[in-house]
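Enquirer: If you scroll down you'll find the structure; I have some questions about it.
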Amino acid sequence: MKTSPPRVLTLNAGSSSIKFAVYRVGDPLLLELHGKIDHIGLDGTHLIFHDTATDQQESLPVAVVDHSAAAMFLIDWLEGWKFFDAIWAVGHRVVHGMAHAEPTFVTTTLVGELHRITPYAPNHLPQELGLIQALHHRHPGLPQLACFDTSFHCTMPRVARLLPIPRRYEALGVQRYGFHGLSYAYLMEELVRLNDPAATKGRVILAHLGNGASLAAVCDGESLDTSMSFTPASGLVMGTRSGDLDPGLLAFLSKNDQVTPALFDRMINHESGMLGISETSSDMRDLLEQEATDVRSAEAVALFCYQAKKWIGAFSAVLDGLDTLVFSGGIGENSPQVRTRICQGLDFLGIELDEKRNAISAPVISTEGSRATVRVISTNEELMIARSVCRAMELSSAC
Ligand code: ADP
């Protein structure tokens, strides 16, 4: 019998980190604990946490060699937290859900399905499944909800999903799925909360610009297209991911540089993007600092801004115009310079930035007269997961 107010745990297993957060259920949801284990599989693995009630913040070294050991360490550690027994349910970020348009409770069937589709997301799904199964093993009665990054894009029309390769691959599930769906869903809920009908009912481009980056074209609240495709390596150039490439490159590199499929996969995911171009950093802050003295950093930033602008142009065409542009993610939320460069010359789309507002990352950074409203919204994927759990468990009308 649980006595304290119910809590919801959110878990987000990345390739080298596990992020967690605990919310107390109420109106609004209250963040009580959050943190992460990072550098998993590398030197210097740490658990960093912040208990918001006591304002205790700590960073503890963690002696684990891999993801499954990190998952066990985290579960042990969370069990020692004072309100662990009040956790009623757990929500997981799951990168790929194929046709799942809604968050789905974890069952043996769902676990089997996720195992089967692991080849679609081999860099993420094994870690996410490992965490789900470790938690189930230790706490079989605790409901777990899978919240898929692909679900938001289930509304995309067929023409946006089709990949122009032989038709038979479609039967294997090869199509555009799109990712960053939890972030996009959160941004759309924020637009509803801001009571902006021009955005919630209108033509919106959402730009999630972080280490991973993508854009989505949304009309009347539904995703019509997005820059990421079959895997999160596609679309816009990113920190270490290449984004879209000439498909002839694989044959060229395999013949001329002995690049195997595994090396190619490593290259496009970990050695390309702004890191590949700059040869120094994947981090936008570093690149902006270095660009005045290092042409490679300047080119990396220029390529990122150029490509983001190209996607905005393409998605404005998809939407037959534009009412709202939203910047989000670490770069989108924090870099006035990058936002200015992306929006330069887009006045023909009705985008006119107010540089004073832009400089302070104000919630609205367009001028009063701008035909399109340009907004900056801090995304919150953890909160989106927690809300989904509350809705699925009917824990609170506030969610
Ligand atoms: P992830 O995709 O890992 O969640 P984030 O959304 O945290 O990534 O974004 C990380 C990116 O945001 C990095 O490139 C970082 O340099 C960039 N960033 C964060 N703050 C700033 C800033 N003030 N100016 C420019 N870039 C920033």
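The values are calculated or read from the model by the stated rules, or taken from the named source; none is laboratory data. Predicted model, so just to flag it, every value in this text is computed and none were measured. With ideal geometry, Cβ positions are generated from the backbone for all residues, glycine too; neighbour counts draw on all protein chains shown.
Enquirer: Could you tell me whether V338 is among the β-branched types (V, I, T), over 28 Å from V159 (Cβ atoms) and either touching a Pro at 6+ places or on another chain (Cβ under 6 Å) or surrounded by 21 or more Cβ atoms within 10 Å (Cβ to Cβ) (or both)?
Expert: It is false that V338 is among the β-branched types (V, I, T), over 28 Å from V159 (Cβ atoms) and either touching a Pro at 6+ places or on another chain (Cβ under 6 Å) or surrounded by 21 or more Cβ atoms within 10 Å (Cβ to Cβ) (or both).
Enquirer: Looking at segment 1-39, which of its residues are hydroxyl-bearing (S, T, Y) and either within 16 Å of the ligand (Cβ to nearest atom) or buried (at least 19 other Cβ atoms within 10 Å of the Cβ) (or both)?
Expert: T10, S15, S16, S17, Y23
Enquirer: Just wondering, is there one or more residues in segment 255-268 that are more than 22 Å from P119 (Cβ to Cβ), within 16 Å of the ligand (Cβ to nearest atom) and either touching a Gly at 6+ places or on another chain (Cβ under 6 Å) or not in a loop (DSSP other than H, G, I, E, B) (or both)? Step through it out loud before you land on a result.
Expert: So the first thing to find is which residues in segment 255-268 are more than 22 Å from P119 (Cβ to Cβ), and the list is 255-258.
Those left that are additionally within 16 Å of the ligand (Cβ to nearest atom): none.
No, segment 255-268 contains no residue that is more than 22 Å from P119 (Cβ to Cβ), within 16 Å of the ligand (Cβ to nearest atom) and either touching a Gly at 6+ places or on another chain (Cβ under 6 Å) or not in a loop (DSSP other than H, G, I, E, B) (or both).
Enquirer: Just for helices (runs of 4 or more DSSP H) wholly inside segment 89-185: which have at least 2 residues that are farther than 20 Å from T226 by Cβ?
Expert: Working: elements: 108-116, 125-138, 158-161.
Those helices (runs of 4 or more DSSP H) span 108-116, 125-138.
Enquirer: Before we move on, is G350 more than 16 Å from the ligand (Cβ to nearest atom) and either basic (K, R) or surrounded by fewer than 16 Cβ atoms within 10 Å (Cβ to Cβ) (or both)?
Expert: no
Enquirer: Moving to a separate point now. Mind checking which residues of segment 21-73 are of a type in the set (V, I, T), in contact with a Phe, Trp or Tyr (Cβ under 8 Å, 6 or more places away or on another chain) and without any contact (Cβ under 8 Å) to a residue 60 or more places away in the chain? Let's see the steps before the verdict.
Expert: First, pick out the residues of segment 21-73 that are of a type in the set (V, I, T): 22, 25, 37, 40, 45, 48, 52, 54, 62, 64-65.
Subset that is in contact with a Phe, Trp or Tyr (Cβ under 8 Å, 6 or more places away or on another chain): 22, 25, 37, 62, 64.
Once the filter is applied, which keeps residues that are of a type in the set (V, I, T), in contact with a Phe, Trp or Tyr (Cβ under 8 Å, 6 or more places away or on another chain) and without any contact (Cβ under 8 Å) to a residue 60 or more places away in the chain, segment 21-73 yields I37, V62, V64.
Enquirer: Another question about this same structure. Looking at (1) under 21 Å from S223 (Cβ atoms); (2) in a helix (DSSP H, G or I), which is the only condition G321 fails?
Expert: (2)
Enquirer: So which residues in segment 287-312 are more than 22 Å from the chain's Cα centre (by Cα) and among the small types (G, A, S), if there are any at all?
Expert: A292, S297, A298, A302
Enquirer: Among (1) of a type in the set (D, E, K, R); (2) within 30 Å of P197 (Cβ to Cβ); (3) surrounded by fewer than 21 Cβ atoms within 10 Å (Cβ to Cβ), which single condition is E299 missing?
Expert: Going through the list (1) of a type in the set (D, E, K, R); (2) within 30 Å of P197 (Cβ to Cβ); (3) surrounded by fewer than 21 Cβ atoms within 10 Å (Cβ to Cβ), E299 breaks only (2).
Enquirer: Moving on to the next point. Provide a single number: the residues in segment 215-242 that are assigned to a loop (DSSP other than H, G, I, E, B) and either among the polar types (S, T, N, Q) or within 14 Å of the ligand (Cβ to nearest atom) (or both).
Expert: Filtering segment 215-242 down to residues assigned to a loop (DSSP other than H, G, I, E, B) leaves 220-221, 227-242.
So of that shortlist, the ones also either among the polar types (S, T, N, Q) or within 14 Å of the ligand (Cβ to nearest atom) (or both) come out as 227-229, 231-242.
So the count comes out to 15.
Enquirer: With the requirement that a residue be under 14 Å from F327 (Cβ atoms) and of a type in the set (S, T, N, Q), what does segment 349-367 give you?
Expert: Of everything in segment 349-367, those that are under 14 Å from F327 (Cβ atoms) and of a type in the set (S, T, N, Q) turn out to be N358, S361, S366.
Enquirer: Restricting the search to segment 270-293, which residues are crowded, with 16+ Cβ neighbours inside 10 Å and more than 13 Å from the ligand (Cβ to nearest atom)?
Expert: Residues satisfying the conditions are H270, S272, G276, I277.
Enquirer: Ok, one more. Among the residues of segment 84-111, how many are surrounded by fewer than 16 Cβ atoms within 10 Å (Cβ to Cβ) and either touching a Leu at 6+ places or on another chain (Cβ under 7 Å) or over 21 Å from C154 (Cβ atoms) (or both)?
Expert: 3
Enquirer: Within 30 Å of T109 (Cβ to Cβ) and not charged (D, E, K, R): which single residue out of A70, A63, A53 fits that description?
Expert: From the options A70, A63, A53, the qualifying one is A70.
Enquirer: Look at segment 345-372 and say how many of its residues are farther than 16 Å from I205 by Cα and either in a loop (DSSP other than H, G, I, E, B) or touching a Gly at 6+ places or on another chain (Cβ under 9 Å) (or both).
Expert: Number of matching residues: 8.
Enquirer: Mind checking which residues of segment 190-214 are closer than 25 Å to R158 by Cα, at pLDDT 95 or above and more than 16 Å from the ligand (Cβ to nearest atom)?
Expert: Those that are closer than 25 Å to R158 by Cα, at pLDDT 95 or above and more than 16 Å from the ligand (Cβ to nearest atom): G202, R203, V204, I205.
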